[in-house]
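Asks: Sharing a structure here in structure tokens format.
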Amino acid sequence: MKLNKSLLLGVTLFCCSPFIAQSQSLLGIADSVTNATQPLPPLESTWKDTRLINAQTTKTVAPGVMVFRVNHRFGNMGVASNGGIHSLYGFDVVTDIYLGFEFGILKNLQVAVGRSKQQELLDASFKYRPLTQKSKGMPISLAIYGDMSLNPQLTSLFYAGGSDTIASEQWLRDRLSYVSELLIDRKFGNVCSLELIAGLSHRNYVLAVVNKDNGSRDSNNIAYAGAAGKIRLTKHAAIVFDYYYIMSPFRNGNSASPYYNCLSVGYEIETGGHVFEINLSNGAFINENNIIPLTTDTWTKGGFKLGFSISRAFNI
């Protein structure tokens with residue numbers, strides 16, 4: 001009797017095995033379809049902050065959030081550029097301080113206002129990101145950035161070195177400058193992020209001076225290209241850099257008034273809602289309206305400066 005029951009169970013399982021296999025196959029197909037229709041996990045943010053050392057990133061402030069930013073840059077560290085022990089390698093000097101507020105308007109749109117110590121510069125900017133890199137489909141992020149600055153310095157300082165005289169109706173027009181940038185970036189895995197920058201700097205007023213080495217004059221418009229990047233060390237820390245290449249005949253080989261491209265490197269760490277960064281840069285300025293036309297120090301002569309930045313996000 002026990003043998004008959006065992007035999008009956010075996011025959012039943014054998015006869016039902018094709019249906020069991022078919023059911024498993026159908027379940028597998030159903031699982032595959034379900035997995036295919038499920039959204040891919042969101043791509044982890046390419047950047048921790050809306051800017052690196054000097055360069056803007058494609059990141060924008062989230063709606064309903066305000067970011068307060070403090071950037072500080074000391075003086076030259078090298079002796080050949082008036083640094084060294086007597087200025088405590090630049091710690092006794094402050095070349096620029098920037099205070100700014102950034103506001104998230106939409107998911108991919110922010111506006112900002114700020115003030116720089118250098119030239120008492122007041123600026124207002126916007127950043128719009130129409131393309132955002134996805135885990136599948138969109139391979140890059142793209143943003144458009146624009147900044148307008150006002151230089152309210154004393155007339156004697158603003159026109160120093162020039163022969164122009166000011167009329168009351170020229171005061172506002174002359175002191176405005178603009179920067180427009182196209183930012184394209186991509187995150188490569190979880191370690192490296194790279195960004196390319198194409199930009200144009202426009203100043204309404206420039207001094208009527210000539211580069212005696214090639215006969216070119218300073219121009220209102222300066223085109224430039226740049227690159228920025230991040231190499232992640234841990235989940236919250238990374239090495240960062242940015243670089244601007246200036247396309248200006250007046251600034252090429254100008255022995256009387258040398259100009260240089262701005263190169264910066266730094267260490268970034270995110271902690272407790274803050275993004276803190278310590279950096280070295282040959283740029284004395286923090287706002288792009290000054291960095292692009294006015295970088296006159298070089299790394300090769302010790303013209304690099306220690307700097308730091310802190311940003312903090314608040315819900316509003």
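Asks: Of all residues in the range 206-226, count the ones that are surrounded by fewer than 16 Cβ atoms within 10 Å (Cβ to Cβ) and in a strand (DSSP E or B).
Replies: Qualifying residue count, the range 206-226: 5.
Asks: Also: Identify, from the list Gly100, Gly114, the residue that is without any contact (Cβ under 8 Å) to a residue 60 or more places away in the chain, surrounded by 20 or more Cβ atoms within 10 Å (Cβ to Cβ) and either closer than 23 Å to Phe314 by Cα or out of contact with any Phe, Trp or Tyr (no Cβ under 7 Å at 6 or more places or on another chain) (or both). Walk me through it before giving the result.
Replies: Working: Gly114 fails: without any contact (Cβ under 8 Å) to a residue 60 or more places away in the chain.
Among Gly100, Gly114, only Gly100 is without any contact (Cβ under 8 Å) to a residue 60 or more places away in the chain, surrounded by 20 or more Cβ atoms within 10 Å (Cβ to Cβ) and either closer than 23 Å to Phe314 by Cα or out of contact with any Phe, Trp or Tyr (no Cβ under 7 Å at 6 or more places or on another chain) (or both).
Asks: Could you tell me which residue of the range 47-76 is surrounded by the fewest Cβ atoms within 10 Å (Cβ to Cβ), considering only residues that are aromatic (Phe, Trp, Tyr) and at pLDDT 95 or above?
Replies: Phe68
Asks: Surrounded by fewer than 19 Cβ atoms within 10 Å (Cβ to Cβ), in contact (Cβ under 8 Å) with a residue 40 or more places away in the chain and either within 28 Å of the chain's Cα centre (by Cα) or closer than 17 Å to Asn261 by Cα (or both): which single residue out of Arg203, Arg186 fits that description?
Replies: So the residue among Arg203, Arg186 that is surrounded by fewer than 19 Cβ atoms within 10 Å (Cβ to Cβ), in contact (Cβ under 8 Å) with a residue 40 or more places away in the chain and either within 28 Å of the chain's Cα centre (by Cα) or closer than 17 Å to Asn261 by Cα (or both) is Arg186.
Asks: Would you call Glu102 at pLDDT 95 or above, of a type in the set (Asp, Glu) and in contact with a strand residue (DSSP E or B) (Cβ under 9 Å, 6 or more places away or on another chain)?
Replies: The answer is yes for Glu102.
The values are calculated or read from the model by the stated rules, or taken from the named source; none is laboratory data. What you see is a predicted model, and the numbers here were worked out from it, not measured in a lab. Here the Cβ is made from the backbone with ideal geometry for all residues, glycine too, and neighbour counts use every protein chain on show.
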